[in-house]
1. Identify, from the list I185, I224, I209, the residue that is over 24 Å from C120 (Cα atoms) and assigned by TED's automatic domain parsing to the domain that holds C120.
2. When you go through (1) modelled with pLDDT of 90 or more; (2) within 25 Å of Y116 (Cβ to Cβ); (3) crowded, with 16+ Cβ neighbours inside 10 Å one by one for K214, which number turns out not to apply?
3. Which is surrounded by fewer than 19 Cβ atoms within 10 Å (Cβ to Cβ) and without any contact (Cβ under 8 Å) to a residue 60 or more places away in the chain, of P173, P114?
4. For region 97-111, indicate whether the set of residues that are among the polar types (S, T, N, Q), modelled with pLDDT of 60 or more, surrounded by fewer than 16 Cβ atoms within 10 Å (Cβ to Cβ) and closer than 23 Å to L171 by Cα is non-empty.
5. Please specify each residue of region 165-202 satisfying the condition of being under 23 Å from L221 (Cα atoms), in contact with a Cys (Cβ under 8 Å, 6 or more places away or on another chain) and of a type outside the set (V, I, T).
6. Looking at N105, is it free of Cβ contacts under 8 Å to residues at least 24 places away in the same chain and in a loop (DSSP other than H, G, I, E, B)?
7. May I ask you to list the residues in region 121-150 that are hydrophobic (A, V, I, L, M, F, W, C) and either surrounded by fewer than 16 Cβ atoms within 10 Å (Cβ to Cβ) or in contact with an Asp or Glu (Cβ under 8 Å, 6 or more places away or on another chain) (or both)?
8. Report the residue count in region 118-147 for those that are over 18 Å from the mean Cα position of the chain (by Cα), hydrophobic (A, V, I, L, M, F, W, C) and under 24 Å from D104 (Cα atoms).
Amino acid sequence: MQEKSMYKRYKDKEISSNEYQDWSSQKNGYKNIVDYREQYYAKNRDTLIKKQIEKYWNNRENIRTRNSILRHSSGQNKSLSENKECGAYLGIYIAERILSHMFDNVQRMSYGNPGYDFICNKGYKIEVKSACLCKIISRYKHEYFSWRFTIKKNRTADYFLLLAFDNRNDLNPMHIWLIKRGEIIETIFTKVCINDKQLLSIQNIIRSINKYSKYELPSKLEKIKNCCISLKK
């Protein structure tokens, strides 16, 4: 009669999970499962910490989205079309609504779809980000205005479409940038892949804006301006 394998014994509950894990670890040159975990963590510490941080922020964002939906459905929140202070107002009601009518044959994703908002007619996944000018005070007490786009180290989207408005009340489009995944962007101080950015800040000064001139879509900007005029009526 053929002797049972350790895995079969484990599945038949003849040995415990710890006993099976110890045996498997010893088979691969470790003392036991504890020794394996300690060495694995030591070798992959930076990657594991990075994953934990990303998981934390993803969960936090999911909770915020869920709570927002619950408040809206219960009547505690105004509708997006009425609530300009809501974070989703600019990104969903204005930006995504405009762009779904601006580009031909695009497939719009459902609210909260992770990683991208549209699929264009060529199959590219497009993440739409919008921002209004905000005043920033540096640690040296210098004041400047910039647009801040939350990229969140997104590696799913093929393109990032960035919409820059003046403010939430007037909603005058000032710039539109289309940046491809993997693009090395040049900030004021350094060069970095856009997918490695948690937050992309573009200052409203000539030196900063010129660095993004090759990503500008001037013809689309005119269409957006006309669309915004229609929405205000």
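1. On the way: I185 fails: over 24 Å from C120 (Cα atoms); I224 fails: over 24 Å from C120 (Cα atoms).
Testing whether each residue is over 24 Å from C120 (Cα atoms) and assigned by TED's automatic domain parsing to the domain that holds C120 leaves just I209.
2. Evaluating K214 over (1) modelled with pLDDT of 90 or more; (2) within 25 Å of Y116 (Cβ to Cβ); (3) crowded, with 16+ Cβ neighbours inside 10 Å leaves (3) as the failure.
3. Numbers: P173 fails: surrounded by fewer than 19 Cβ atoms within 10 Å (Cβ to Cβ).
Exactly one of P173, P114 is surrounded by fewer than 19 Cβ atoms within 10 Å (Cβ to Cβ) and without any contact (Cβ under 8 Å) to a residue 60 or more places away in the chain, namely P114.
4. First, the residues of region 97-111 that are among the polar types (S, T, N, Q): 100, 105, 107, 110.
With modelled with pLDDT of 60 or more added as a condition, the list becomes 100, 105, 107, 110.
Those left that are additionally surrounded by fewer than 16 Cβ atoms within 10 Å (Cβ to Cβ): 100, 105, 107, 110.
Filter again for closer than 23 Å to L171 by Cα, leaving 100.
Yes, region 97-111 contains at least one residue that is among the polar types (S, T, N, Q), modelled with pLDDT of 60 or more, surrounded by fewer than 16 Cβ atoms within 10 Å (Cβ to Cβ) and closer than 23 Å to L171 by Cα.
5. Scanning region 165-202 gives F165, D166, N167, R168, L171, N172, P173, E183.
6. Working: free of Cβ contacts under 8 Å to residues at least 24 places away in the same chain: yes; in a loop (DSSP other than H, G, I, E, B): yes.
Answer is yes for this residue.
7. So in region 121-150, the residues hydrophobic (A, V, I, L, M, F, W, C) come out as 126, 128, 131-134, 136-137, 145, 147, 149.
Residues satisfying the conditions are I126, V128, C132, L133, C134, I136, I137, F145.
8. Initial filter on region 118-147 (over 18 Å from the mean Cα position of the chain (by Cα)): 120-123, 133-146.
Next, from what is left, pick out any that are hydrophobic (A, V, I, L, M, F, W, C): 120, 133-134, 136-137, 145.
Restricting the remaining residues to those that are under 24 Å from D104 (Cα atoms) gives 120.
Qualifying residue count for the region: 1.
The values are calculated or read from the model by the stated rules, or taken from the named source; none is laboratory data. Keep in mind the model is a prediction, meaning the values are calculated, not measured. Counting neighbours? That spans all protein chains shown, and the Cβs are built from the backbone with ideal geometry, glycine included.
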